[in-house]
């Protein structure tokens with residue numbers, strides 16, 4: 001085998017400064033390999049499988065440089081290498097969400113010293129080495145196609161530190177924490193051990209008995225075998241003259257699970273609109289945003305596009321852009337009909353709204369919005385949301401340890417400064433398990449990298465779903481608490497609070513900039529020693545004072561205030577009967593005083609304790625929001 005670097009070493013890469021630099025690859029068995037970067041070099045020997053690894057001495061920030069690996073049989077080199085700060089950006093879809101998918105984004109900044117790598121390896125069995133993507137220079141186009149949270153985080157680091165920044169986006173939408181932990185790590189917890197047992201002893205349909213069915217095959221079977229045929233097309237639902245007056249209405253974008261339809265199936269959505277006279281007879285461009293998962297889209301009765309399972313695993317969040325040929329634009333009225341099919345998890349036309357528009361080809365300035373009320377009908381109701389039937393599947397990203405093997409292993413032990421993490425939505429119904437597994441995952445990654453307790457900064461889940469008028473139990477609040485507890489239990493672990501930037505109707509809030517910049521605030525303070533406030537107020541202790549008033553104390557509470565200057569909102573209080581009521585609360589210095597005139601002997605205080613604590617407004621002098629908290633342990 002000729003000399004080659006591991007796939008993560010490519011042109012335009014960034015290497016971590018001020019620490020030894022692991023470099024590895026494959027060559028001829030037994031040959032001596034010399035790796036050189038600038039004036040530094042290191043020597044190793046290819047083992048019995050041809051694998052070699054060396055560690056270059058620490059380098060200061062700079063570049064561009066050339067990295068070479070030389071042996072008697074060959075030489076490999078990669079160019080335009082920078083040395084700076086390297087961070088892994090991981091988690092599920094809110095970390096994966098691209099900047100270009102954020103509708104309000106309009107940014108043309110060119111950042112040549114910010115470099116971007118998005119890991120694209122499919123979920124596979126066994127430890128992988130491939131990445132399926134390349135390092136890119138931070139052009140406007142590359143930044144738009146990169147993780148929005150990661151990009152805003154990296155921008156601020158680059159601006160504040162003045163050194164090159166390398167960002168590795170390694171996220172998978174809908175993923176559970178169990179998939180990101182190694183097998184060894186999962187075996188440290190009872191719930192993890194049980195998942196491993198089920199996964200490794202799975203039994204599928206007779207033709208796959210004792211084996212693991214490939215996820216792509218499972219998806220094909222579900223997506224095609226459950227679909228009994230396009231009955232809507234047979235009924236003329238795609239036609240402009242279809243009478244949909246008796247159809248129900250649904251606000252779009254949204255998921256049908258938010259409107260009383262819990263299961264998977266096939267839904268039709270229709271919208272008729274009046275177009276400008278000068279559009280008639282012209283090609284149009286139809287932007288529908290993302291459709292979760294598959295679609296067939298018709299305009300005035302003719303199919304203009306669609307994506308199915310064959311397009312890959314990311315159809316659920318792929319923006320649809322279809323050409324409407326001029327011969328279909330023959331009158332003032334235009335009817336759009338979408339057949340949306342989802343066989344797993346959620347389904348619907350999910351937008352975002354800013355990406356839903358119609359315009360003449362080549363004239364985006366004339367676009368009209370398609371967000372709003374659409375008519376819909378249910379063609380097929382498949383009942384409860386599907387999961388990989390009868391067990392687990394090869395290629396299912398939520399199989400235990402699959403993403404560790406497929407997505408993380410190709411990066412280890414690439415030199416990094418730390419990790420930012422946005423995940424937890426898919427574990428919201430098992431917060432107790434998450435409270436145990438997240439620290440295990442962090443320890444697992446640190447063990448695998450061998451760099452010690454590198455910084456790990458997570459995003460606490462944003463507000464989501466309808467706000468409640470009265471105090472109520474909340475799975476999302478418990479998951480946020482598990483994230484908060486992890487910052488206290490795990491060394492060098494921080495958190496960015498996103499409780500004020502969510503969207504009640506969209507699990508993917510579009511305002512990613514504050515999230516990325518708040519992650520950067522923690523890193524700048526705690527990792528780089530800058531004089532920056534690392535986070536909003538974090539609850540520390542409660543004291544019950546005379547008269548039944550509860551005084552809450554916080555860390556990072558200098559300048560404690562409310563955003564509006566008005567009363568503190570979303571504070572609850574309860575006595576020993578555990579019946580919570582909205583409380584009165586005032587700020588005194590850097591503390592919060594809480595009481596209720598009808599609860600003389602208070603026992604517990606909660607703040608922003610719900611799925612969507614709309615109106616929660618407690619911040620510090622840096623306008624960073626306080627983390628939700630509770631003082632009891634009743635749930």
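The average projected area of region 410-460, computed from the convex hull of its Cα atoms over all directions, is 3.9 nm². Cα extents for region 442-593 along the principal axes, largest to smallest and rounded to whole angstrom: 53, 36, 31. Computed on the chain, with alpha-carbon pairs under 8 angstrom and 6+ residues apart, the relative contact order is 14 percent. Volume per residue of the convex hull around the Cα atoms, evaluated for region 530-589, comes out as 113 Å³. Percent of C-alpha pairs per 10 Å bin in region 15-65, short distances first: 27, 47, 22, 3.
When each of the peptides 20-30, 113-123 is scored by how many other beta carbons lie within 10 Å of its residues on average, the order from highest to lowest is 113-123, 20-30. With one equal scatterer per alpha carbon and no solvent term, the Debye-computed log10 I(q)/I(0) for region 73-180 at 0.20 1/Å reads -1.08. Radius of gyration (Cα atoms) of region 231-381, expressed as a multiple of 2.2 N^0.38 Å: 0.98.
Taking only the alpha carbons of region 360-496, we obtain Rg and Dmax values of 20.5, 56 Å in that order.
Ordering 336, 81 by the number of other Cβ atoms within 10 Å of each residue's own Cβ, fewest first, gives 336, 81. Based on C-alpha pairs under 8 angstrom that are at least 6 apart in sequence, region 538-630 has a relative contact order of 33 percent. Equivalent-ellipsoid semi-axes for region 254-309 (Cα gyration tensor, √(5λ), whole Å, largest first): 27, 14, 10. Panel values: region 538-630, Kirkwood radius from alpha carbon pairs, Stokes-Einstein at 37 °C and 0.692 mPa s, translational diffusion coefficient 250 µm²/s. Computed over region 426-490, the range of Cα coordinates on each principal axis works out to 48, 20, 19 Å, biggest value leading. Dividing the helix sum by the residues of the chain, where each DSSP H run of 4 or more adds -39500 (n - 2.57), gives a mean residue ellipticity at 222 nm of -4500 deg cm²/dmol. When each of the peptides 300-306, 42-48 is scored by how many other beta carbons lie within 10 Å of its residues on average, the order from highest to lowest is 300-306, 42-48. Peptides 147-160, 174-187 ranked from most to least packed give 147-160, 174-187, packing being the mean of other C-beta atoms within 10 angstrom over each peptide's residues. Taking one quarter of the surface of the C-alpha convex hull of region 1-160 gives a mean projected area of 10.3 nm².
Here the chain is treated as a sphere whose radius is the Kirkwood value from Cα pairs; by Stokes-Einstein at 37 °C and 0.692 mPa s it diffuses with a coefficient of 123 µm²/s.
Can you give me the relative contact order of region 231-381 as a percent, contacts being Cα pairs under 8 Å and 6 or more apart? Here the relative contact order equals 39 percent.
The Cα center of region 139-170 and the Cα center of region 535-586 differ in position by 37 Å.
Taken together, the values in this text are just the output of simple stated rules run on the coordinates, not laboratory data. The shown structure was predicted, so the numbers you read here are calculated from the model rather than taken from an experiment. When we count neighbours, we look across all protein chains shown, and the Cβ atoms used for this are built from the backbone with ideal geometry, even at glycine.
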